[in-house]
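Here is the structure we will look at.
Please treat every number below as a calculation from the coordinates, not as lab data. From a predicted model like this one, the values you see are computed outputs, not experimental measurements.
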Amino acid sequence: MIPEGGYKAILQLCGEGWVVVGDAAQLNNAIHREGSNLAMTSGRIAAEAICLIKSRNDPMTANNLSLYKKLLNDSFVIKDLKKYKDMPALMHTHSQNFFLTYPQLFSKAMQDYARRRHTKARERQADAELVHQGAVVEWTVQRCPAHCPGLAVITNQRQRRTTEPETMPSEPSRRVEDKLFYNRYLVDSGRAHIKVRPHTTPSSRLLSMLKACPARCYELSDKGHVEVTVDGCIECGTCRVICEESGDIEWSYPRGGYGVLFKFG
């Protein structure tokens, strides 16, 4: 479970000999489902603050550890959370609209649209789904109008699938690439939320993204430049943690309605 968190939910971040980071500190952006990059960055900042205090042989008092809070306020973590600080309250205040009224209106509009579709078109779609599943569908002359050019293709597909059924894998795949297949991504054409800054020779941080990005969005071009393709980005924020501070990339949140849609969670 991930806490709703947010800027106004943040409590005390440090004390006598302790600091709080990540989810425990309520460093979550529920609007953009962001948490992992905020947790990684806050953990790194806490470690840097502690190392600096230790290098000066200062005690781990609340006053000295407040350096962590200062560094955190200067980072993108608090700046992002402050930008969306009023959204949780807005969602709670108008929860009836956001979670009931608006979804019901949208659902009703889509149901009305679906009911107006031609009956025969729905039948052809249902038959095509049965064919895709390997079922035998008996086609008659009345249900094979001349304006259905895909009929021959569908009939051949039916024969091929019924005579050569697909074999299911004995064990579920464990590769990340296969799991990413289940995600959906709505591309925001012309408005990539990640951009690689122009470079002649890629930095070590930028080169690390060739392996660090779990969705493998970063690739090395023939000219030796690191390029990014945001189609399929799972918005984990790894590249933001590694490359944004060094200026290797420009990172921003995708616009509302665009980006990744996780099918299972």
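Our Cα-only numbers for the range 205-264 put the radius of gyration and Dmax at 12.0, 38 Å.
Hey, how many Å between the Cα centroid of the range 85-111 and the Cα centroid of the range 205-251? Cα centroid of the range 85-111 versus Cα centroid of the range 205-251: 35 Å apart. For the range 18-86, a/c is not less than 1.5, where a ≥ b ≥ c are the root eigenvalues of the C-alpha gyration tensor, and a/b tops b/c. That puts it in the prolate class.
Once the mean of 1/r is taken over each pair of separate Cα atoms and inverted, the range 1-123 shows a Kirkwood hydrodynamic radius of 17.3 Å. Computed log10 I(q)/I(0) for the range 65-111 at 0.19, 0.21 Å⁻¹: -0.70, -0.75, from the Debye equation with unit scatterers placed on every C-alpha and solvent omitted.
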